[in-house]
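Student: Below is a structure I'd like to ask you about.
None of the figures in this text is laboratory data; all of them are computed from the coordinates on show. Note that the coordinates shown come from a computational prediction; the quantities given were computed from them, not determined experimentally. Counting neighbours? That spans all protein chains shown, and the Cβs are built from the backbone with ideal geometry, glycine included.
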Amino acid sequence: MKTYLITGGAGFIGSNFVRYLFHTYPEARIIVLDALTYAGNPDNIPAEIKESPRFEFWYGNVNNAGLVSRLVKQANVVVHFAAESHVARSIFDDRIFFETDVLGTQTVCSAILDSNVERFIHISTSEVYGTAETNPMTEDHPLNPLTPYASAKAGADRLVYSYWATYDLPAVIVRPFNQYGPNQHLEKVIPRFITSALLNEPLTVHGDGSSRRDWVYVEDTCQALDRLLTAPLEQVRGQVINLGTGISLDVLTIAERILSVMDKPQSLISYIGDRPGQVQHHISSTDKIKRLAGWEAATDFEAGLRRTIAWYQENESWWRKLTWMKHVPIKTRTGEVEYY
């Protein structure tokens, strides 16, 4: 029976992966470490998992070296999701991003060196690339992070790589492209658009809405991570691997599709200024993960979007308490106003 330590397991992707592991591997033991900051929500983990003897939850920070070391020593596998991840927040107040994303990752890596962990999956992000210079973006694309959040994640990404290069850490670095699906915090554009439409409020689009992203349904992401955990270690150890669909879609089109599916008027779309550090285009190469793990995204965007909309329609009690955050203005250091 394997024990999985999932840092940030109460967050969006982390909690989806906890549910995936719990149901896919009936013998697996799962330990979650989460600081329960704005995006970490214990309600993301169903009661059947919380009440299971196969599950443990620890409230704590990844910079707590003693706690991290103790939990890592119990694990066969570590999947490190824990991070500060809100772009606008990083523009407003960046220090916590480096403390959590870089120093927290160092704490985890150091603990793994003094353990029997078989495999370590570090969850990086496509944001480390900045705007695409090539189409599609391979794992060799230059790292040009455009925000403090992205630069903190780039630092953590390269830190993990250095631990593999120096100490032969059994690490795999995964760079997911834009995620969407159930339980995603309203800071992110798709749940923000969906809940705004449910409330008959404006769907605010940054700039002209032309920025394009590669959108991956979170269930597909969980399957990809599983493939990377079960692929032969010699194939994936020390590798950096993109996780995307190879298809990009602009933000304005997404707003229009959400309103169309929900039978809401297109007049709900409104525009605000572009945020600083905006990435204009992201699209993932899918060749490497197909070759190393035999994975490709199974959910097309229209199907994933409809499932996501249905989840928010059916789970109003979950997202209602988060709606106040959509209306909190902050002033960035550039003097512009951003909204959560």
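Student: Remind me, relative contact order of region 64-181 in percent, using alpha carbon pairs under 8 angstrom and six or more residues apart?
Tutor: The normalised contact order for region 64-181 reaches 33 percent.
Student: Return the loop-located GluC sites (Glu not before Pro) in region 3-55 (DSSP other than H, G, I, E, B) with at most 16 other Cβ atoms within 10 Å of their own Cβ; answer none if there are none.
Tutor: E27, E51
Student: So if I average 1/r over every pair of distinct C-alpha atoms in region 1-73 and take the inverse, what Kirkwood radius in Å does that give?
Tutor: 12.2
Student: Using modelled backbone amide H atoms (1.01 Å from N, in-plane), which distant-in-sequence or interchain residues come within less than 5 Å of Q179's amide H?
Tutor: The answer is V216.
Student: Per DSSP H run of at least 4 residues, take -39500 (n - 2.57); add these up for the chain, divide by its residues and hand me the 222 nm value, nearest 500 deg cm²/dmol.
Tutor: -10500 deg cm²/dmol
Student: Using label points projected 7 Å from each Cα along Cα→Cβ, tell me how many nm separate T131 and D274, to one decimal.
Tutor: 0.6
Student: For region 5-47, max minus min Cα coordinate along each principal axis, in Å, sorted largest first?
Tutor: 31, 17, 16
Student: Another one. So what are the ³J(HN,Hα) numbers for region 115-128, from phi and the Karplus equation (6.51, -1.76, 1.60; θ = phi - 60°), rounded to whole Hz, Gly and Pro as x?
Tutor: Going residue by residue, I get 8, 10, 4, 7, 7, 10, 9, 9, 8, 8, 6, 5, 4, 5 Hz, with x marking Gly and Pro.
Student: Quantify how much of the Cα-Cα distance distribution of the chain extends past 29 Å, in percent.
Tutor: In whole percent, the long-distance tail amounts to 35.
Student: Classify region 3-144 as rounded, prolate or oblate, taking a ≥ b ≥ c as the square roots of the eigenvalues of its Cα gyration tensor: rounded when a/c is under 1.5, otherwise prolate if a/b is larger than b/c and oblate if not.
Tutor: prolate
Student: Rounded to whole Hz and in sequence order, give me ³J(HN,Hα) for region 163-178 from the Karplus expression 6.51 cos²θ - 1.76 cosθ + 1.60, θ = phi - 60°, writing x for Gly and Pro.
Tutor: 5, 5, 5, 8, 10, 6, 4, x, 9, 10, 9, 10, 10, x, 7, 4
Student: Run the numbers for E56 and M262: contour at 0.36 nm per residue of separation, minus the present Cα-Cα distance, in nm.
Tutor: Gain on extension, E56 to M262, equals 70.3 nm.
Student: Which aspartates and glutamates, if any, have their Cα less than 15 Å from the Cα of K321, not counting same-chain residues under 8 positions apart?
Tutor: D43, E187
Student: State the three equivalent ellipsoid semi-axes of region 191-280, derived from the C-alpha gyration tensor as the square roots of 5 times its eigenvalues, in descending order and whole Å.
Tutor: Over the Cα atoms of region 191-280, the ellipsoid semi-axes are 34, 16, 10 Å.
Student: So, one more: Along the Cα-to-C-beta direction of R237, a point sits 7 Å from the Cα; which residues of region 42-73 have their amide N less than 15 Å from that point?
Tutor: none
Student: Tell me, rounded to the nearest percent, the portion of alpha carbon pairs in region 88-187 spaced more than 17 Å apart.
Tutor: 57
Student: Follow-up. In what sequence, highest mean first, do 263-269, 292-298 appear when ranked by Cβ atoms within 10 angstrom?
Tutor: 292-298, 263-269
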